[in-house]
Amino acid sequence: MRWGLVFWEQGGRAYAGITGPETRTGTAPVPEGATFTGIEFAVGTSLRAVPTPALVDGGVELPDTTRRTFRLDGARWETPGPDDAEALVERLVRAGIVVRDPLVAEVLRGHRPAVSGRTVERRFRAATGLTRGAVRQIERARTAAELLAAGHPAADVVAKLDYFDEPHLARALRSYVGRTARQLREGTGGAIALDLDQRLTS
């Protein structure tokens with residue numbers, strides 16, 4: 001549901017790409033011997049040069065990438081490692097390359113802006129590539145997965161997050177997380193992009 005920047009090295013070559021928000025579960029192959037650094041951006045942030053709707057369920061590889069630098073929005077930037085990713089994000093924000101729609105952030109915090117529902121929906125689609133309803137469903141499934149992985153019973157998760165019943169929860173997990181409640185509780189089913197301690201850039 002969030003877009004990101006990913007940097008990787010494989011076979012002595014360096015690569016960089018933009019990953020788009022995902023509306024469904026999927027798998028990403030991890031080549032043997034490859035090393036990755038990724039930055040996931042908060043919902044409501046976007047790239048000035050690449051419309052987020054064009055990235056949904058996809059992404060683009062950035063050209064002219066070396067181990068030290070990559071090209072984005074007409075300029076060269078230093079390729080980050082895990083320890084300096086936040087510094088890169090701050091530079092991109094200062095340069096106006098990563099932008100944030102304050103109205104989307106306001107709505108996500110539960111506020112009701114003084115504009116029409118149609119305006120909110122249009123701004124949501126422009127900033128996220130998704131409808132407000134889709135963002136809500138994906139966030140709810142992600143929260144459910146976190147709770148289940150932390151050991152909460154499925155019945156409690158259903159009640160806490162207002163799912164209709166356990167089959168409704170199961171369908172959401174299958175669509176948006178790709179795991180069953182049992183797999184999440186037991187930590188089975190392979191690696192999953194659900195890091196409870198993950199920091200998001202905003």
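The values are calculated or read from the model by the stated rules, or taken from the named source; none is laboratory data. For clarity, every value in this text was computed on a predicted model and none was experimentally measured. Backbone-built Cβ (ideal geometry, glycine too); neighbour counts: all protein chains shown. Quick note on the areas: whole protein, heavy atoms, side chains included, nothing else; ligands and nucleic acids left out. Shrake-Rupley method; radii C 1.70, N 1.55, O 1.52, S 1.80 Å.
From the alpha carbon centroid of region 92-152 to that of region 36-60 is 13 Å.
Projecting the Cα positions of Leu148, His168, Gly187 onto the charge dipole of region 108-196 (unit charges on Cβ atoms of Lys, Arg, Asp and Glu, taken about the Cα centre) puts His168 furthest along the positive direction. With each label modelled as a point 7 angstrom along the Cα→C-beta vector, the Glu32-Ala54 pair spans 3.8 nm.
Based on DSSP H segments of at least four residues, each scored -39500 (n - 2.57), the chain has a per-residue ellipticity at 222 nm of -10500 deg cm²/dmol.
In this structure, the amide hydrogen of Leu72, modeled 1.01 Å from its nitrogen in the peptide plane, lies closer than 5 angstrom to those of Trp77, counting only residues at least 5 positions away or on a different chain. The 3J(HN,Hα) values that the Karplus relation (6.51, -1.76, 1.60; θ = phi - 60°) gives for region 50-59 are, in residue order, 10, x, 4, x, 6, 9, 4, 6, x, x Hz. Gly and Pro appear as x. Coupling constants for region 14-20 follow from the phi torsions by the Karplus curve (6.51 cos²θ - 1.76 cosθ + 1.60, θ = phi - 60°), and in residue order they are 9, 9, 9, x, 10, 9, x Hz; glycine and proline get x. Taking the Cα centre of the chain as origin and assigning +1 to Lys and Arg Cβ atoms and -1 to Asp and Glu Cβ atoms, the resulting dipole is close to 680 debye. Backbone amide hydrogens, once placed in the peptide plane, bring Val56 within less than 5 Å of nothing, excluding anything fewer than 5 places away on its chain. Antiparallel beta bridges, as assigned by DSSP with both residues in region 1-92, represent about 95 percent of the total such bridges.
Counting only protein heavy atoms and a 1.4 Å probe, the chain has 58 square angstrom of accessible area per residue.
When the solvent-accessible area of the chain is split by element, carbon and sulfur atoms take up 49 percent of it, the probe being 1.4 Å. Annotation: amide H-H contacts under 5 Å for Arg2 (H modelled 1.01 Å from N, sequence separation of 5 or more, or interchain): Glu22.
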